[in-house]
1. Can you find a residue that is more than 30 Å from residue 22 (Cα to Cα), in contact (Cβ under 8 Å) with a residue 40 or more places away in the chain and of a type in the set (D, E, K, R) anywhere in the stretch 153-166?
2. Can you confirm whether residue 57 is farther than 23 Å from residue 218 by Cβ, of a type in the set (A, V, I, L, M, F, W, C) and part of a helix (DSSP H, G or I)?
3. Taking the stretch 110-130, which residues are exposed (fewer than 13 other Cβ atoms within 10 Å of the Cβ) and either part of a loop (DSSP other than H, G, I, E, B) or in contact (Cβ under 8 Å) with a residue 40 or more places away in the chain (or both)?
4. Please go through (1) buried (at least 24 other Cβ atoms within 10 Å of the Cβ); (2) at positive phi for residue 66 and return the number of the only condition it doesn't satisfy.
5. Against the definition (free of Cβ contacts under 8 Å to residues at least 12 places away in the same chain, closer than 27 Å to residue 34 by Cβ and either of a type in the set (D, E, K, R) or assigned to a strand (DSSP E or B) (or both)), how does residue 189 come out, yes or no?
6. For the subset of the stretch 73-109 comprising residues that are out of contact with any helix residue (DSSP H, G or I) (no Cβ under 7 Å at 6 or more places or on another chain), in a helix (DSSP H, G or I) and not acidic (Asp, Glu), which member is farthest from residue 188 (Cα to Cα)?
7. Before we move on, is residue 49 touching a strand residue (DSSP E or B) at 6+ places or on another chain (Cβ under 8 Å), crowded, with 22+ Cβ neighbours inside 10 Å, in a loop (DSSP other than H, G, I, E, B) and among the hydrophobic types (A, V, I, L, M, F, W, C)?
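The values are calculated or read from the model by the stated rules, or taken from the named source; none is laboratory data. This structure is a prediction, so every number in the text was calculated from the model and none was measured. Using ideal geometry, Cβ is built from the backbone for each residue, glycine included, and neighbour counts are taken over all protein chains shown.
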Amino acid sequence: MTRAQDALPKAVAAHRWLQSLRLRPNLVTPGVVGEAHLLAEEEAIFGPLNLSGAHVLEVGAANGYLSFAALRRGATRVLATDHLAWTLPGADAQAATELAAREMGLGIETMALDPRALTAEFGKFDVVVATAFFEQLFNPIAALRGLRAVTTRLLLIETLQDAQDDGRPVMMAQTLPMPFGGPSGAMVPGWAPNPPAVLHLLHTLGFSRILYRNHPTLGSQRGIFAALLPAAPEGVLEGFGEPWINLTHPKG
């Protein structure tokens, strides 16, 4: 073992990890979210896509698992961003992410970013992915506008859900504990929409086709949405077979 490898476990132990990242064959970061869950989520979100040559923006990156996955799957530019986990007092998830990037030799870009501040001037990305989206934002509609402003093809959203027995667009207020922002974490106010609410918001913002699937490990407790813009090239959604379903906007 080299001196640098010998120092790595100490460097890992100096951070609070949100995700379990395999930095070496025998070294996995002690994340709140385990490897099996992350792998299933990666396959559900990116499995239907061809990311070769794509520019990808990740919002709510935590420790960047999906950003690293996008690079491994052929993306040529990946920008990993987070707001709460990278800016709350005592949060060190951005530094942990940058440590992981160095150790794995994966050249993602990182930026502490509030998605509500995004505008078209920020730049354009073929694929934008946002996880744990609604439950960590007091004003998710402003953030959705920001995501729309920088998306050229496909927006992917993973979120907590509620009110799924109601056919109307509904979002329920949530206050959830988050494992960052101080020694004991922080209580973060946000929302849990049902699929009709997400469908309505995405249609209003100009997305022409919205697909949905339950989370691969947590079922209907959480949902994943894929939203396509009218100008996106033909074939972007070709890989979205079962269990993805096409959501239809109500008439009238």
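1. So in the stretch 153-166, the residues more than 30 Å from residue 22 (Cα to Cα) come out as 153, 162-166.
From the residues that got through so far, the ones that are in contact (Cβ under 8 Å) with a residue 40 or more places away in the chain too are 153, 164.
Restricting the remaining residues to those that are of a type in the set (D, E, K, R) gives 153.
Yes, because at least one residue in the stretch 153-166 is more than 30 Å from residue 22 (Cα to Cα), in contact (Cβ under 8 Å) with a residue 40 or more places away in the chain and of a type in the set (D, E, K, R).
2. Details: farther than 23 Å from residue 218 by Cβ: yes; of a type in the set (A, V, I, L, M, F, W, C): yes; part of a helix (DSSP H, G or I): no.
Spelling it out, it is not the case that residue 57 is farther than 23 Å from residue 218 by Cβ, of a type in the set (A, V, I, L, M, F, W, C) and part of a helix (DSSP H, G or I).
3. Scanning the stretch 110-130 gives a single hit, 119.
4. (2)
5. For residue 189, the condition - free of Cβ contacts under 8 Å to residues at least 12 places away in the same chain, closer than 27 Å to residue 34 by Cβ and either of a type in the set (D, E, K, R) or assigned to a strand (DSSP E or B) (or both) - is not met.
6. 102
7. Working: touching a strand residue (DSSP E or B) at 6+ places or on another chain (Cβ under 8 Å): yes; crowded, with 22+ Cβ neighbours inside 10 Å: yes; in a loop (DSSP other than H, G, I, E, B): yes; among the hydrophobic types (A, V, I, L, M, F, W, C): yes.
Yes, satisfied.
Residues are listed down the side, and each one gets a yes or a no for (1) modelled with pLDDT of 95 or more; (2) in contact with a Cys (Cβ under 6 Å, 6 or more places away or on another chain); (3) surrounded by fewer than 17 Cβ atoms within 10 Å (Cβ to Cβ):
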position: 197; (1), (2), (3): yes, no, no
position: 204; (1), (2), (3): yes, no, yes
position: 210; (1), (2), (3): yes, no, no
position: 213; (1), (2), (3): yes, no, no
position: 218; (1), (2), (3): yes, no, yes
position: 221; (1), (2), (3): yes, no, yes
position: 225; (1), (2), (3): yes, no, no
position: 234; (1), (2), (3): no, no, yes
